[in-house]
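What follows is one structure encoded as structure tokens, with my remarks underneath.
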Amino acid sequence: MTNRSVIFFDIDGTLLKHDKTLPASTKEAIFQLKELGHEVAIATGRAPFMFEDLRKELDIHTYVSYNGQYVVLNGEVAYTNPLNIDSLEKLTETALSNEHPVVYMDHEDMKANVPEHAYINESINTLKIDRFPTHDPHYYKGRELYQSLLFCREGEETQYEENFKDFDFIRWHPLSVDILPNGGSKAKGIEKIVEKLGFPSERQYAFGDGLNDIEMLSKITNSVAMGNAEESVKAVAKHVTKSVEEDGIVHGLQMVGLLSK
């Protein structure tokens, strides 16, 4: 099949509705794409252990996780981009003095540097996952971490942005910010996959809705923003589909000609 394409899907607000359920129409569309010979992949800010069940349900083995820092191709690790641990240790010291908790994350687990905090509870609970960070303030030592979470109110991350240039900070919840390696992104992770698979730019597609999708949607030739995306996200996408609540994945795939109406 000469017109095979690769399609990357964000998870939250794209594949999954806001109640974290998968629309039946989306599941059917994913399997139709696979039956047509296309490569279907996930590109998410989530950790691999946060969407293992979804990968099994959709039979997907290629994914960009941690916003591009941990990339797997056909079940094999293809690229990693860990955080600078020395800088993370210094950031943790600052965060402790500000009473801002930190959660450390590798490809297998996540651990909090404090035993309990309302900000952690409130934000992590919105993900509706079956795992919660337990307490281990030294989890960052002696291992590669691909993302951390800083828990603070909107605007309070500014001091960290000014003082820790090794990191990028992307807010995903009113009480929490992703800490990523500077310059790391879903787009960079996607590059590693398409380089290995050899898909030309015109055969690359991406669907997303969040602020962490902006670079991906601006760089992928056939980009589709969900109808529920923020305006800044829609502005960089080539196409805008319906919302995830209105079968937006199916509509978008039909819009770009990957599925027939």
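The values are calculated or read from the model by the stated rules, or taken from the named source; none is laboratory data. This structure is a prediction, so every number in the text was calculated from the model and none was measured. Ideal geometry is used to build each Cβ from the backbone, glycine not excepted, and the neighbour counts take in all protein chains shown. With ligands, DNA and RNA removed, areas are computed over all heavy atoms of the protein, side chains included. Shrake-Rupley method; radii C 1.70, N 1.55, O 1.52, S 1.80 Å.
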*Whose amide H sits under 5 Å from the amide H of L259, counting only residues 5 or more places off or on another chain, with H placed in the peptide plane?*
Q254
_Could you tell me the calculated FRET efficiency between F132 and K34, based on Cβ-Cβ distance and R0 = 45 angstrom, to the nearest 0.05?_
0.85
*asked:* Using the basic label-point model (7 angstrom from Cα toward the beta carbon), what is the H173 to E76 distance in nanometres?
replied: 3.6 nm
_Can you give me the accessible area per residue for the chain, using a 1.4 Å probe, in Å²?_
44 Å²
*Would you work out the charge dipole size for segment 176-253 about its Cα centre, treating the Cβ of every Lys and Arg as +1 and the Cβ of every Asp and Glu as -1, and quote it to the nearest 20 debye?*
380 debye
*About its Cα centre, how strong a charge dipole does segment 94-133 have in debye, to the nearest 20, once Lys and Arg get +1 and Asp and Glu get -1 at the Cβ?*
60 debye
*Which order do H18, H251, H38 take by accessible area at a 1.4 Å probe, largest first?*
H18, H251, H38
_Dimensions (Å) - the chain, Cα atoms, principal axes, largest first_ = 56, 34, 32
*Over all distinct Cα pairs, what is the inverse of the mean 1/r for segment 112-190, reported as the Kirkwood hydrodynamic radius in Å?*
13.8 Å
_If you roll a 1.4 angstrom probe over the protein chains with everything in place, what fraction of the accessible area of the chain belongs to carbon and sulfur, to the nearest %?_
44 percent
*What shape does segment 1-40 have by the C-alpha gyration tensor, where a ≥ b ≥ c are the square roots of the eigenvalues, rounded means a/c under 1.5, and otherwise prolate means a/b greater than b/c and oblate the rest?*
oblate
*May I ask you to derive the FRET efficiency for T21 and E122 from their Cβ-Cβ distance with R0 = 25 Å, giving the value to the nearest 0.05?*
0.75
*Residues listed by number, segment 232-261, amide nitrogen under 15 Å from T221 label point at 7 Å toward C-beta*: 238-239, 256-258
*Calculated from backbone phi, Karplus (6.51, -1.76, 1.60) coupling profile of segment 213-227 in Hz, x at Gly/Pro*: 9, 4, 5, 4, 6, 7, 9, 6, 4, 9, 9, 10, 8, 6, x
*Could you let me know the centre-to-centre spacing of segment 62-128 and segment 132-156, using Cα atoms, in angstrom?*
5 Å
*Out of F49, T126, N222, whose Cα points farthest toward the positive end of the dipole of the chain (charges: +1 Lys, Arg; -1 Asp, Glu; placed on Cβ)?*
N222
_Pairwise FRET efficiency - D59 versus K165, Cβ, R0 = 41 Å, nearest 0.05_ = 0.50
